[in-house]
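Note sheet for the following structure.
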Amino acid sequence: MTGLAGRLADAGFATGWRVVPKLPKALAGVAFWGVADLAARRGGGGVRQLRANLRRVVPRAGETELDDLTRRAMHSYARYWHEAFRLPSADPAAVLADVDISGTEYLEAALAEGNGAVVALPHTGNWDVAGLWAVQQIGRLTTVAERLEPESLYRRFVEYRESLGFEVIPADGSVSFRLLLQRLRENRVVCLVGDRDMTNTGTPVTFFGEPARFPAGPARLAASTGAALLPVGSWYTDDGWGLRIHPRIRVANRAEAPAATQALADVFAGDIAAHPTDWHMLQPFWPADREDAVADGTAGEESAADAG
């Protein structure tokens, strides 16, 4: 986003982080829910793309079921933003009390080996809560942030995640990769959102039966350091959040990175299929949709959520 659109977005997010925490939680939740319903009814470009993505995830769904899935997915997306605006002022202990997590033994085993852990998540549920859990339980977590324009909007997202205790590194190619390698060699946790390839140069995978690309970074980092590659599922429960740390994906060298990335995609697909309305993917994901987006001039549209 550039120019006026970027400035308006920056002002909107600034208002959200300033105003939403001051509102009664239930009242703000109703407002976000209403905005989600309105967006679903209007069926703008992002909503249409979300519906197309859900059609792949739930291929047997009819049109009425897809309408319902899309509406519920927009509610989930609105819940993410409601929570994002409130998290910096929330009591971490109160948040963690509503987290239902399994598989922590895989993370503990990885850190006991001393080579760090690469934790990879899809755009599901509230990945910031997953990071907050790691900070509170382990005390250290490093992630990356995609550059946004204007710079003030990028800084706002960095400050948000720093307020949760994350170390945030800008996604600047080889420079950020070297720093992430260093953190893993210090036996730290590196947390990456690993389903959306922002560069269109990622590793080819099959995802829900169709060719796609996943970021190469998680598997390459693990291969370069001996760190454990741990997929994590994230979804919403009625009153909180569900997290599952999956068993380690073995990747001994760079030659094994493509197979490890496919294994990561398979784990993500299983979790997304189990919780389809918590996958917040309102952008073109599969190559066919990206080609259509190029044709109609929307290929460059990004979500501010992709900053993390």
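The values are calculated or read from the model by the stated rules, or taken from the named source; none is laboratory data. All figures in this text were calculated on a predicted structure; none of them were measured in a lab. Virtual Cβ from ideal backbone geometry, glycine too; neighbours counted across all protein chains shown. Side chains are part of the model used for accessible areas, which takes the heavy atoms of the whole protein and leaves out ligands, DNA and RNA. Shrake-Rupley method; radii C 1.70, N 1.55, O 1.52, S 1.80 Å.
In this structure, is VAL47 more than 15 Å from SER152 (Cα to Cα), open to solvent by 80 Å² or more (accessible area, probe 1.4 Å), among the aliphatic types (A, V, I, L, M) and in a helix (DSSP H, G or I)? Even if it seems obvious, please write down each step before you answer.
Numbers: more than 15 Å from SER152 (Cα to Cα): yes; open to solvent by 80 Å² or more (accessible area, probe 1.4 Å): no; among the aliphatic types (A, V, I, L, M): yes; in a helix (DSSP H, G or I): yes.
Judged against the criteria, VAL47 is not a match.
Go through segment 238-280 and give me each residue that's open to solvent by 50 Å² or more (accessible area, probe 1.4 Å), within 22 Å of GLU83 (Cα to Cα) and either at pLDDT below 95 or in a loop (DSSP other than H, G, I, E, B) (or both).
If the condition is that a residue be open to solvent by 50 Å² or more (accessible area, probe 1.4 Å), within 22 Å of GLU83 (Cα to Cα) and either at pLDDT below 95 or in a loop (DSSP other than H, G, I, E, B) (or both), then ASP238, ASP239, HIS275 are the ones that fit.
For LEU121, only one of the following conditions fails: (1) open to solvent by less than 50 Å² (accessible area, probe 1.4 Å); (2) over 18 Å from ALA222 (Cα atoms). What is its number?
All conditions pass for LEU121, except number (2).
Given the residues ARG60, ARG79, which is the only one that is of a type in the set (Lys, Arg), in a loop (DSSP other than H, G, I, E, B) and modelled with pLDDT of 95 or more? Before you say what the answer is, go through the steps one by one.
Numbers: ARG79 fails: in a loop (DSSP other than H, G, I, E, B).
Among ARG60, ARG79, only ARG60 is of a type in the set (Lys, Arg), in a loop (DSSP other than H, G, I, E, B) and modelled with pLDDT of 95 or more.
Looking only at segment 109-119, how many residues end up being outside any helix (DSSP H, G or I) and in contact with a strand residue (DSSP E or B) (Cβ under 8 Å, 6 or more places away or on another chain)? Lay out the reasoning, then the answer.
Step one: filter segment 109-119 for residues outside any helix (DSSP H, G or I), giving 114-119.
Cutting the leftovers down to in contact with a strand residue (DSSP E or B) (Cβ under 8 Å, 6 or more places away or on another chain) gives us 115-119.
Total meeting the criteria: 5.
Which residues, taken from segment 60-76, are under 21 Å from the mean Cα position of the chain (by Cα) and either closer than 23 Å to GLY209 by Cβ or open to solvent by 40 Å² or more (accessible area, probe 1.4 Å) (or both)? Full working, then the answer.
Just the residues of segment 60-76 that are under 21 Å from the mean Cα position of the chain (by Cα), to begin with: 69-76.
Listed by number, the residues that qualify are LEU69, THR70, ARG71, ARG72, ALA73.
Being of a type in the set (Val, Ile, Thr) and open to solvent by less than 60 Å² (accessible area, probe 1.4 Å): is that true of VAL57 here?
On the way: of a type in the set (Val, Ile, Thr): yes; open to solvent by less than 60 Å² (accessible area, probe 1.4 Å): yes.
It is true that VAL57 is of a type in the set (Val, Ile, Thr) and open to solvent by less than 60 Å² (accessible area, probe 1.4 Å).
Go through segment 99-108 and count every residue that is open to solvent by less than 30 Å² (accessible area, probe 1.4 Å), outside any strand (DSSP E or B) and either farther than 24 Å from GLN262 by Cα or in contact with a His (Cβ under 9 Å, 6 or more places away or on another chain) (or both). Even if it seems obvious, please write down each step before you answer.
Here is the first cut: in segment 99-108, the residues open to solvent by less than 30 Å² (accessible area, probe 1.4 Å) are 99, 103, 107.
Now drop any that are not outside any strand (DSSP E or B), which leaves 103, 107.
Next cut, either farther than 24 Å from GLN262 by Cα or in contact with a His (Cβ under 9 Å, 6 or more places away or on another chain) (or both) only: 103.
So the count comes out to 1.
Please work out which residue is nearest to ARG7 (Cα to Cα), limiting yourself to segment 135-158 and to residues that are open to solvent by 10 Å² or more (accessible area, probe 1.4 Å) and of a type in the set (A, V, I, L, M).
It comes out as LEU148.
What is the residue count in segment 159-170 for residues that are more than 15 Å from the chain's Cα centre (by Cα) and either free of Cβ contacts under 8 Å to residues at least 40 places away in the same chain or open to solvent by 50 Å² or more (accessible area, probe 1.4 Å) (or both)?
Qualifying residue count, segment 159-170: 7.
Could you list all residues from segment 194-233 that are basic (Lys, Arg) and touching a Pro at 6+ places or on another chain (Cβ under 8 Å)?
Kept after step one, since they are basic (Lys, Arg), are these residues of segment 194-233: 196, 213, 220.
Residues satisfying the conditions are ARG196, ARG213.
Can you name every residue in segment 182-217 that is within 20 Å of VAL129 (Cα to Cα) and at pLDDT 95 or above?
Within segment 182-217, the first condition is being within 20 Å of VAL129 (Cα to Cα), and the residues that meet it are 188-196.
The answer is ARG188, VAL189, VAL190, CYS191, LEU192, ASP195.
Checking SER234 against (1) open to solvent by 10 Å² or more (accessible area, probe 1.4 Å); (2) closer than 18 Å to LEU54 by Cα; (3) among the hydroxyl-bearing types (Ser, Thr, Tyr), only one condition comes out false. Which one?
Here SER234 clears every test but (1).
Residues in segment 120-145 that are out of contact with any helix residue (DSSP H, G or I) (no Cβ under 8 Å at 6 or more places or on another chain), part of a loop (DSSP other than H, G, I, E, B) and over 19 Å from ALA227 (Cα atoms): how many?
Looking only at that region, the number is 0.
ASP289 passes all but one of (1) touching a helix residue (DSSP H, G or I) at 6+ places or on another chain (Cβ under 9 Å); (2) modelled with pLDDT of 95 or more; (3) not β-branched (Val, Ile, Thr); which number fails?
So ASP289 meets the others, but not (2).
Do any strands (runs of 3 or more DSSP E) entirely within segment 150-218 hold 2 or more residues that are farther than 20 Å from PRO258 by Cβ, and if so, which?
Passing ranges, in order: 167-170, 189-193.
So, ALA93, is that one open to solvent by 30 Å² or more (accessible area, probe 1.4 Å), touching a residue at least 60 places away in the same chain (Cβ under 8 Å), hydrophobic (A, V, I, L, M, F, W, C) and in a helix (DSSP H, G or I) or not?
no
Return yes or no: is LEU184 closer than 21 Å to LEU107 by Cα and over 19 Å from the mean Cα position of the chain (by Cα)?
On the way: closer than 21 Å to LEU107 by Cα: yes; over 19 Å from the mean Cα position of the chain (by Cα): yes.
Considered against the rule, which asks whether it is closer than 21 Å to LEU107 by Cα and over 19 Å from the mean Cα position of the chain (by Cα), LEU184 comes out as yes.
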